[in-house]
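Heads up, the thing below is written out as structure tokens.
The values are calculated or read from the model by the stated rules, or taken from the named source; none is laboratory data. Just so we're clear, the structure is a prediction, and the values are computed from it rather than from any experiment. Every residue, glycine as well, gets a Cβ built from its backbone with ideal geometry; the counts of neighbours run over all protein chains shown.
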Amino acid sequence: MAKFLVRGGKLLEGGIAVSGSKNASLPALAASLLFSGTPVFQNLPEIEDIKRMKELLENIKGGQLNYEIAKKIRASILVVGPALARFGRSSFPHPGGCVIGAPASPTSLGGRPIDVFLDGWRAMGAEISLRSSTSDVKSPKTSDVFPRSEIVHSIPAYAISAPRGLRGCDFTFRVPSVTGTEGLMMTAVLANGQTILRNAAQEPEIMSLADWLNKNGAEICGAGTHTITIEGRAGKPLSGKAPFFAPPDRIEAGSFAILGAAAAKEMTIKNFPAEELTALLAVLKAAGAEFEITHNDHSLFPSITLKRAAKLRAVNIQTKEYPGFATDLQAPYVVLATQAEGASMIHETIFEGRLNYAEDLNKMGARIILCDPHRAIVQGPSNLTGWNLEGPDIRAGLAFLMAALIANGESQIGNIYQIDRGHEKIDERLRALGADIQRVK
Ligand code: EPU
């Protein structure tokens with residue numbers, strides 16, 4: 001298994017460009033099932049989750065998802081709506097991915113819930129049945145290579161069909177789920193009649209998906225607000241030829257900005273979607289970070305230049321749905337909070353279990369008190385020391401890499417597949433800023 005060897009303590013210097021957005025690209029790829037031809041995708045990030053999504057789409061048969069691949073990424077749930085809309089049925093296992101949320105159900109461990117997807121499809125007239133045993137999920141040929149936890153515990157699998165066709169509906173989300181909104185919006189594009197989605201999520205990735213689908217013949221209104229209206233095409237696939245161009249990844253951009261504020265002599269981030277990161281920038285400003293945003297005529301997005309302030313101050317943060325402080329930036333921000341003077345209260349309101357990495361940062365010398373599954377207090381500043389860590393999920397994995405770059409001494413980070421899932425060639429790009437980081441087998 002590959003790992004990163006990091007020698008920390010060097011100030012970073014130079015330029016880095018933000019890659020195409022993972023969370024905008026994943027639903028767009030899933031939406032290719034809504035098209036009669038094959039759409040063109042541009043600026044997709046070269047990351048593991050995108051590779052898994054492509055494999056999933058290449059292996060789809062009559063709406064049925066390949067269980068082995070689908071279990072690996074949470075975003076596999078995004079394929080179900082388009083598959084149902086296009087083929088009239090689908091079957092799929094409970095999706096895998098980062099273990100950061102509440103357990104999906106008493107019968108599945110670790111996964112995040114998908115109840116709002118199921119409720120939405122039912123409201124559109126779909127019938128859903130549960131196929132509950134692991135033997136339904138795994139193929140007998142590969143059973144001997146399954147990790148033990150997957151053999152012992154049952155992973156729910158579902159069969160979904162719309163025998164009388166999908167009908168438009170008026171649906172209110174119990175919670176404003178991002179992929180839930182994308183999934184139901186895509187399903188509604190091919191349904192019969194009008195769908196209204198209320199209490200919908202309003203993250204920029206939803207708008208990016210809707211804009212692209214509209215360029216190709218869909219009629220979606222209100223994406224980016226809490227109420228989205230979709231005029232269904234009664235099964236007629238999209239046939240437009242407008243390519244999908246992935247916008248810059250706002251989470252990667254925000255993570256780099258945090259890194260710059262914590263560890264740069266001077267760092268310029270190009271392709272920086274500043275308008276999508278106002279909550280983070282307000283927090284960085286309050287923390288005393290020094291930065292400047294510059295627009296130039298050759299690029300749609302500005303650049304930001306940051307450097308580590310002489311003194312960083314503690315700031316309380318609360319993760320929120322867009323346009324609030326993104327939950328995906330919480331772990332990277334905690335690394336900066338370890339360098340700030342005073343106590344920062346970190347309130348994670350979106351997911352349970354997204355502060356579990358804190359114990360590992362404490363082993364490096366951080367002083368983080370976990371109050372409950374949603375709240376932690378970070379007392380700073382702390383001198384971090386190199387340590388051996390395992391990447392727990394995409395964002396906490398990157399946070400460990402950031403902590404290792406700030407720490408004195410050598411760190412090893414294992415399970416870097418988690419970091420590679422969401423960040424393209426991160427070692428090469430950080431090396432260009434002077435980071436001492438090697439990928440070793
Ligand atoms: N929820 C339910 N039931 C559902 C779905 C969600 O209760 O059926 C709850 C979740 O447990 C959570 C809340 O709703 O408490 C919000 O979760 P959401 O569904 O919005 O998350 P998601 O759509 O699964 C996307 C991103 C995540 C990001 C969250 C929040 C993608 C592919 N994933 O996940 O990104 O953290 O929105 O912004 O877009 C990442 O990129 O590393 C990542 C985890």
Considering only residues that are of a type outside the set (Lys, Arg) and buried (at least 20 other Cβ atoms within 10 Å of the Cβ), which ones fall in the stretch 68-80?
ILE69, ALA70, ILE73, ALA75, SER76, ILE77, LEU78, VAL79, VAL80
Can you confirm whether the stretch 396-413 contains a residue that is in a helix (DSSP H, G or I) and of a type outside the set (A, V, I, L, M)?
yes
Examine the stretch 305-318 for a residue that is within 21 Å of the chain's Cα centre (by Cα) and outside the structural domain of ARG112 (by TED's automatic domain parsing), and state whether such a residue exists.
yes
Inside the stretch 170-209, the number of residues satisfying the requirement of being within 18 Å of ARG86 (Cα to Cα) and away from the ligand (no atom under 11 Å from the Cβ) is 11
Just need a number here: residues in the stretch 359-380 that are surrounded by 21 or more Cβ atoms within 10 Å (Cβ to Cβ), more than 24 Å from the chain's Cα centre (by Cα) and not in a strand (DSSP E or B).
2
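Checking the condition in a loop (DSSP other than H, G, I, E, B), at negative phi, within 15 Å of the ligand (Cβ to nearest atom) and in the same structural domain as GLU13 (by TED's automatic domain parsing), which residue from ASN383, ASN356 passes?
Result: ASN356 is the single residue among ASN383, ASN356 that is in a loop (DSSP other than H, G, I, E, B), at negative phi, within 15 Å of the ligand (Cβ to nearest atom) and in the same structural domain as GLU13 (by TED's automatic domain parsing).
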Got a sec? Which of LYS51, LYS61, LYS71 is at pLDDT below 95, farther than 20 Å from LEU238 by Cβ and out of contact with any strand residue (DSSP E or B) (no Cβ under 6 Å at 6 or more places or on another chain)?
LYS61
Cross-chain or 6+ apart pairs with Cβ under 8 Å, the stretch 55-68 first and assigned by TED's automatic domain parsing to the domain that holds LEU84, then of a type in the set (Phe, Trp, Tyr)
GLY62/PHE87; GLY63/PHE87; GLN64/PHE92; LEU65/PHE92; TYR67/PHE92
Checking the condition closer than 30 Å to GLY386 by Cα, in contact with a Gly (Cβ under 9 Å, 6 or more places away or on another chain) and basic (Lys, Arg), which residue from LYS10, LYS72 passes?
LYS10
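For the structure I just gave you, tell me whether PRO45 is in the same structural domain as ILE160 (by TED's automatic domain parsing), surrounded by fewer than 24 Cβ atoms within 10 Å (Cβ to Cβ) and more than 13 Å from the ligand (Cβ to nearest atom). Give the derivation first.
Numbers: in the same structural domain as ILE160 (by TED's automatic domain parsing): yes; surrounded by fewer than 24 Cβ atoms within 10 Å (Cβ to Cβ): yes; more than 13 Å from the ligand (Cβ to nearest atom): no.
Considered against the rule, which asks whether it is in the same structural domain as ILE160 (by TED's automatic domain parsing), surrounded by fewer than 24 Cβ atoms within 10 Å (Cβ to Cβ) and more than 13 Å from the ligand (Cβ to nearest atom), PRO45 comes out as no.
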Could you list, ordered by first residue, the pairs with Cβ atoms under 7 Å in which the first is in the stretch 1-19 and closer than 20 Å to ILE251 by Cα and the second is aromatic (Phe, Trp, Tyr) and in a loop (DSSP other than H, G, I, E, B), at least 6 apart or interchain?
VAL18/PHE272
Among the residues that make up the stretch 133-154, is at least one of them in the same structural domain as ILE77 (by TED's automatic domain parsing), modelled with pLDDT of 90 or more and of a type in the set (Ser, Thr, Tyr)?
no
GLY63 being in contact with a helix residue (DSSP H, G or I) (Cβ under 6 Å, 6 or more places away or on another chain) and more than 16 Å from the ligand (Cβ to nearest atom):
yes
(1) touching a residue at least 12 places away in the same chain (Cβ under 8 Å); (2) under 27 Å from PRO302 (Cβ atoms); (3) outside the structural domain of ILE419 (by TED's automatic domain parsing) all hold for ASN214 apart from (1)
Would you pick out the residues in the stretch 166-191 that are within 12 Å of GLY232 (Cβ to Cβ) and either β-branched (Val, Ile, Thr) or surrounded by fewer than 17 Cβ atoms within 10 Å (Cβ to Cβ) (or both)?
THR187, VAL189
Just checking, which of GLU424, GLU390 is touching a residue at least 24 places away in the same chain (Cβ under 8 Å), within 16 Å of the ligand (Cβ to nearest atom) and over 23 Å from ALA287 (Cβ atoms)?
GLU424
Does ALA340 count as buried (at least 24 other Cβ atoms within 10 Å of the Cβ) and within 14 Å of the ligand (Cβ to nearest atom)?
no
Restricting to the stretch 306-334, and then to whatever is over 19 Å from ILE16 (Cβ atoms) and part of a strand (DSSP E or B), can you tell me which residue is nearest to the ligand (Cβ to nearest atom)?
THR319
